[in-house]
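Participant: Before anything else, here's the structure in question.
The values are calculated or read from the model by the stated rules, or taken from the named source; none is laboratory data. Note that the structure is a prediction, hence the values are computed from the model and not measured. Glycine gets a Cβ as well: all are built from the backbone with ideal geometry, and neighbour counts include every protein chain shown.
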Amino acid sequence: MNNDLVTVDIGGTHARFALATIGSDGAIGLGDPVTLHTKDHASFQTAWEHFTDLQGGKLPPAVAIAIAGPVGGEIIRFTNNPWIIRPALIREKLGVDRYTVINDFGAVGHAVARAGSEYFIHLAGPDVELPASGTLSIVGPGTGLGVAHLWRDGSGDYRVQATEGGHVDFAPIDTIEDAILARLRLRYRRVSAERVVCGPGIVDIYEALASMEGRAIKPLDDRTLWSLGTSGEDSLAAAAVDRFCLSLGSFAGDMALAQGANGVVIAGGLGLRIRDTLLKSGFANRFVAKGRFEALMAALPVRLITHPQPGLFGAAAAFAKEHTS
């Protein structure tokens with residue numbers, strides 16, 4: 001059986017494509033990725049055709065697709081992207097005979113399960129390898145806020161559960177976060193964690209801090225604010241970035257408690273880009289600040305996955321588990 005495939009990772013901003021192979025030993029090889037902007041394509045179909053043209057007009061007859069949103073039902077809609085996918089038409093529309101469709105953070109869960117230890121760095125807690133058995137919570141800020149958990153049996157087998165945990169309620173724990181919540185409530189009846197702990201959320205954090213200080217609010221976009229904040233060029237933007245890191249720490253700790261985790265992995269494109277900032281921030285202190293459970297939280301290793309394409313790699317791993325196990 002031919003084990004070549006196309007692997008795709010579709011988020012709110014980008015659609016990434018790559019060719020992949022699954023070796024006879026189960027090893028996954030990943031080709032060079034091609035990144036397309038979702039705003040430049042009317043649909044997934046036209047983006048697929050663009051990638052096909054870039055590959056000389058012919059692709060393997062198998063595909064693994066990681067999607068930023070729930071993947072059940074007859075029509076898949078993206079959380080932060082206007083495209084839709086109808087799974088029943090994938091074989092016909094894409095010209096494939098085998099496919100896997102998985103939530104994007106489900107794919108990241110597979111990447112965490114299959115990536116080597118060289119793709120993880122220490123963020124908080126004891127600086128030890130992630131446990132080979134039990135549950136790992138996986139949290140990743142990007143355009144949205146992804147959450148999954150991975151269960152491993154200690155002998156190499158594993159199960160991944162994608163969730164929509166990023167959409168639980170935002171839970172402030174100090175007066176500054178109260179102010180952020182109050183500002184967001186002017187627009188949203190219910191404020192989820194994703195409104196704050198995501199790339200675009202830096203704008204609301206920054207504007208809330210500016211309002212607290214009685215400053216005129218500059219209309220800056222999220223990319224500009226991340227640049228100004230991580231470089232330290234703008235002190236208010238730097239305060240907003242630090243506040244983001246605190247909120248991410250609180251949220252990751254909440255997920256670990258809720259999922260009964262014995263380890264945590266931070267993923268997502270944003271997490272990787274700001275890893276140096278995270279290491280110097282109050283992330284670790286907030287992660288363990290869980291009242292009566294501080295000792296339990298302090299014992300959990302927290303690592304950051306540094307694989308350059310965990311969504312693509314993980315989607316291919318999910319395909320391999322489904323079709324070649």
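Participant: Of everything in segment 224-248 that's in contact (Cβ under 8 Å) with a residue 24 or more places away in the chain and not aliphatic (A, V, I, L, M), which residue is surrounded by the fewest Cβ atoms within 10 Å (Cβ to Cβ)? Talk me through it step by step, then tell me what you get.
Facilitator: Of all residues in segment 224-248, those in contact (Cβ under 8 Å) with a residue 24 or more places away in the chain come to 226, 229-230, 236-237, 239-248.
Those still in the list that are not aliphatic (A, V, I, L, M) too: 226, 229-230, 242-245, 247.
Numbers: TRP226: 21, GLY229: 25, THR230: 15, ASP242: 17, ARG243: 24, PHE244: 28, CYS245: 21, SER247: 25.
Taking the candidates together, the pick is THR230.
Participant: For segment 1-61, which strands (runs of 3 or more DSSP E) that fit wholly inside it have 1 or more residues that are touching a residue at least 60 places away in the same chain (Cβ under 8 Å)? Show your work before the answer.
Facilitator: Values: elements: 4-10, 14-22, 28-30, 34-37.
Passing ranges, in order: 4-10, 14-22, 28-30.
Participant: Another question, if that's okay. Pairs please, first residue from segment 154-166 and charged (D, E, K, R), second anywhere and not in a helix (DSSP H, G or I), Cβ atoms under 7 Å, 6+ apart in sequence or on different chains.
Facilitator: ARG159/TRP151; GLU164/PRO70
Participant: Restricting attention to segment 147-167, and to residues there that are outside any loop (DSSP other than H, G, I, E, B) and of a type in the set (S, T, N, Q), which single residue is modelled with the highest pLDDT? Outline the logic, then answer.
Facilitator: Filtering segment 147-167 down to residues outside any loop (DSSP other than H, G, I, E, B) leaves 147-153, 158-163, 165-167.
Add one more test, that the residue is of a type in the set (S, T, N, Q), and what stays is 161, 163.
Details: GLN161: 94, THR163: 90.
Across segment 147-167, the extreme among qualifying residues is GLN161.
Participant: For the list (1) touching a His at 6+ places or on another chain (Cβ under 9 Å); (2) hydrophobic (A, V, I, L, M, F, W, C); (3) modelled with pLDDT of 95 or more, I need the number of the one condition that ALA239 fails.
Facilitator: (1)
Participant: Out of the residues in segment 113-145 meeting the condition of being in contact with a His (Cβ under 9 Å, 6 or more places away or on another chain) and β-branched (Val, Ile, Thr), tell me which one is surrounded by the most Cβ atoms within 10 Å (Cβ to Cβ).
Facilitator: That would be ILE138.
So that you can scan it fast, the table gives a plain yes or no per residue for (1) assigned by TED's automatic domain parsing to the domain that holds GLY29; (2) surrounded by fewer than 16 Cβ atoms within 10 Å (Cβ to Cβ); (3) not polar (S, T, N, Q):
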{"position": "LYS280", "(1), (2), (3)": "no, yes, yes"}
{"position": "PHE283", "(1), (2), (3)": "no, no, yes"}
{"position": "ARG286", "(1), (2), (3)": "no, no, yes"}
{"position": "ALA289", "(1), (2), (3)": "no, no, yes"}
{"position": "GLU294", "(1), (2), (3)": "no, yes, yes"}
{"position": "ALA299", "(1), (2), (3)": "no, yes, yes"}
{"position": "PHE313", "(1), (2), (3)": "yes, no, yes"}
{"position": "ALA316", "(1), (2), (3)": "yes, no, yes"}
{"position": "PHE319", "(1), (2), (3)": "yes, no, yes"}
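Participant: Among ALA20, ALA27, which is of a type in the set (Gly, Ala, Ser) and modelled with pLDDT of 95 or more?
Facilitator: Values: ALA27 fails: modelled with pLDDT of 95 or more.
From the options ALA20, ALA27, the qualifying one is ALA20.
Participant: Considering only segment 170-213, state which residues are aliphatic (A, V, I, L, M), touching a residue at least 40 places away in the same chain (Cβ under 8 Å) and in a loop (DSSP other than H, G, I, E, B).
Facilitator: Result: ALA171, ILE173, VAL196, VAL197.
Participant: For segment 170-195, which residues satisfy the criterion of being touching a strand residue (DSSP E or B) at 6+ places or on another chain (Cβ under 8 Å) and either surrounded by 13 or more Cβ atoms within 10 Å (Cβ to Cβ) or within 13 Å of SER247 (Cβ to Cβ) (or both)?
Facilitator: So the first thing to find is which residues in segment 170-195 are touching a strand residue (DSSP E or B) at 6+ places or on another chain (Cβ under 8 Å), and the list is 170, 190-194.
Answer for segment 170-195, where residues must be touching a strand residue (DSSP E or B) at 6+ places or on another chain (Cβ under 8 Å) and either surrounded by 13 or more Cβ atoms within 10 Å (Cβ to Cβ) or within 13 Å of SER247 (Cβ to Cβ) (or both): PHE170, VAL191, SER192, ALA193, GLU194.
Participant: When only residues in segment 59-94 that are farther than 22 Å from LYS321 by Cβ and among the β-branched types (Val, Ile, Thr) count, which is modelled with the lowest pLDDT?
Facilitator: THR79
Participant: Outside the structural domain of ILE274 (by TED's automatic domain parsing), in contact with an Asp or Glu (Cβ under 9 Å, 6 or more places away or on another chain) and within 22 Å of ARG303 (Cβ to Cβ), is that true of SER137?
Facilitator: Details: outside the structural domain of ILE274 (by TED's automatic domain parsing): yes; in contact with an Asp or Glu (Cβ under 9 Å, 6 or more places away or on another chain): no; within 22 Å of ARG303 (Cβ to Cβ): yes.
The answer is no for SER137.
Participant: When ASP276 is evaluated against the numbered criteria (1) in contact with a Leu (Cβ under 9 Å, 6 or more places away or on another chain); (2) in the same structural domain as ASP178 (by TED's automatic domain parsing); (3) outside any strand (DSSP E or B), which criterion, by number, is the only one it fails?
Facilitator: (1)
Participant: Let me ask another. List pairs: first in segment 124-149 and more than 15 Å from PHE287 (Cβ to Cβ) and among the charged types (D, E, K, R), second outside any strand (DSSP E or B) and modelled with pLDDT of 95 or more, Cβ under 9 Å, 6+ apart or cross-chain?
Facilitator: GLU129/PRO301
Participant: Also: Does segment 15-35 hold any residues that are under 22 Å from PRO82 (Cβ atoms), surrounded by fewer than 20 Cβ atoms within 10 Å (Cβ to Cβ) and of a type outside the set (Val, Ile, Thr), and which are they?
Facilitator: Selection gives ARG16 alone.
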